[in-house]
Structure formats: structure tokens, C-alpha cells
Amino acid sequence: MRILLVEDNEKAARVLARGLEEEGFQVQIAHNAAQADTLAASAPDLVILDWMLPDRDGIVLCQEWRSRGSKLPILMLTARDAVGDRIEGLNEGADDYLTKPFVFDELLARIRALLRRAERHPSQIQIADLMVDPQSHAVSRAGAELTLTQKEYAILELLVRRPGQVVSRLELAEHVWHADLIAIDNLIDVHMKNLRRKIDPPGCPALIQTVRGRGFCLSASEAADD
């Protein structure tokens, strides 16, 4: 599970990230709202969001994400412990609210509760202007609906669930075809070519990237190595 930790105190962020990683989470750290906005585009499983940030308040960032339709689970962390502040945080889109200082075990319990809730109600995954709905298998790019075959969708879903990470050809063979790589190696190239034609049409920044000798990844970065 991937967590985006938004905390401007670098020391506190490192300590908290280390604790979460020891519990098996992958943690990305943002020290301001601008960084958080960029990293949130890769669709982490959960965001831990500090209220007070140097460029704009976390509550404003939360409002912006919700106004764009984001359903990311958000746990607000703040030293502001007044009842009115907690109500404001929840009303503006936070899914839970924890005041500082806090007990790490309570933070873990709240994180796991939010993740369980999100698993019961899966939301759309967004990478840049690409939207994927795991429930309906609907896919769109820049608002245009795309029609994918069953295999193309299976490849895409594996990529979008691991944004920025390399998915090997062997993983594709096992996950999509449940077969040995040697038996379907050429099929991977055919389906990837067709998928790219639909996901990355002319005029749109390329999202699907080839990492030579390793596999493929899906990223909002345009640093493709085809």
C-alpha cells in the first residue's frame, strides 16, 4: 500500500515515514502543497495531510482535490484540536482527523480503517488525464471514452495500480495470460502496441513508457524511453 505523507517538518516526516515503512507501507513525502499536488496524481492508496503547510493550508489542498472529483482517502494531521477545526476538516473533505501529538499505534489503526473502507468502495484511479474505473472497467483519456479489449484492460489496470513502477514482461505474462513468458512474448508486444495506440493518441503526452531490458511503466512524466 502506498501512502503520500504531506508534512513540512522534514525531521518529523522522516521519523513518521520510517515507522510506516517498518509496518510495510511504501511512503512518498511532500513538504509543501505543490509537491503534494504533483505526487497525488499518481493515485496513492491514502494521504496523510498536515493542515499547516508553507505555500497553502492542507485544508485548501483537500478542498481542491475534492472539487476535482478525487476520492483519495485523506487523514488530516494537525495541532489544531478545537472541535470547530475538526468539524471544518471533515466538512471540507477529510475522511478522518487526528490531532498532534498522537500515538503511533492510533495512527496505524486509523490508516488501516480508512484503507479497509476504501477497499469496500473502490474509486476511480487517475493518472494525469487518464481515468480508470476498476468497478466498471471504464477508461477515458482527456474526457474521451476508450474501448479496450479484455487483455488490454488487464494490462492497463496492472500498470495504473503501480504508477511510476516498472512492470516486467514476466509479470504481464503471469498476470494477464497466466502463461509462461516464452509462450506469449510476442503477444505482449502486439497488445502493448494496440493499447498505446488508444491510451497515447497523437497530440497527447505519452503515459506508457518502455524501460529497456526491464519492462513497462505508466507515468505522467514524458521521459519515455521507447
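The values are calculated or read from the model by the stated rules, or taken from the named source; none is laboratory data. Just so it is clear, the model here is predicted, and its values are computed rather than measured. Here the Cβ is made from the backbone with ideal geometry for all residues, glycine too, and neighbour counts use every protein chain on show.
Considering only residues of region 138-151 that are in contact with an Asp or Glu (Cβ under 9 Å, 6 or more places away or on another chain) and without any contact (Cβ under 8 Å) to a residue 12 or more places away in the chain, which is farthest from A206 (Cα to Cα)?
A138
Does A154 fit the bill of being of a type outside the set (K, R), at pLDDT 85 or above and either in a loop (DSSP other than H, G, I, E, B) or closer than 20 Å to D200 by Cα (or both)?
yes
Scan region 175-212 residue by residue and report those that are within 24 Å of A144 (Cα to Cα), more than 25 Å from the chain's Cα centre (by Cα) and hydrophobic (A, V, I, L, M, F, W, C).
V190
Is it true that some residue in region 167-180 is touching a helix residue (DSSP H, G or I) at 6+ places or on another chain (Cβ under 7 Å), free of Cβ contacts under 8 Å to residues at least 12 places away in the same chain and charged (D, E, K, R)?
Yes, because at least one residue in region 167-180 is touching a helix residue (DSSP H, G or I) at 6+ places or on another chain (Cβ under 7 Å), free of Cβ contacts under 8 Å to residues at least 12 places away in the same chain and charged (D, E, K, R).
Of all residues in region 115-127, which are surrounded by fewer than 18 Cβ atoms within 10 Å (Cβ to Cβ) and either within 23 Å of L20 (Cα to Cα) or touching a Leu at 6+ places or on another chain (Cβ under 7 Å) (or both)?
L115, R116, R117, A118, E119, R120, P122
Only residues that are part of a helix (DSSP H, G or I), of a type in the set (A, V, I, L, M) and under 11 Å from the mean Cα position of the chain (by Cα): list them for region 24-60, please.
L39, A40, listed by residue number.
Find the residue count for region 177-210, including only residues that are farther than 22 Å from Q126 by Cβ and not in a loop (DSSP other than H, G, I, E, B).
15
In region 127-135, is there at least one residue being touching a residue at least 12 places away in the same chain (Cβ under 8 Å), among the polar types (S, T, N, Q) and not in a strand (DSSP E or B)?
yes
The rows are residues; the columns are (1) surrounded by fewer than 22 Cβ atoms within 10 Å (Cβ to Cβ); (2) more than 16 Å from Y97 (Cα to Cα); (3) among the charged types (D, E, K, R).
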| site | (1), (2), (3) |
| --- | --- |
| R2 | yes, yes, yes |
| E22 | yes, yes, yes |
| I29 | yes, yes, no |
| G69 | yes, yes, no |
| L72 | yes, no, no |
| L77 | no, no, no |
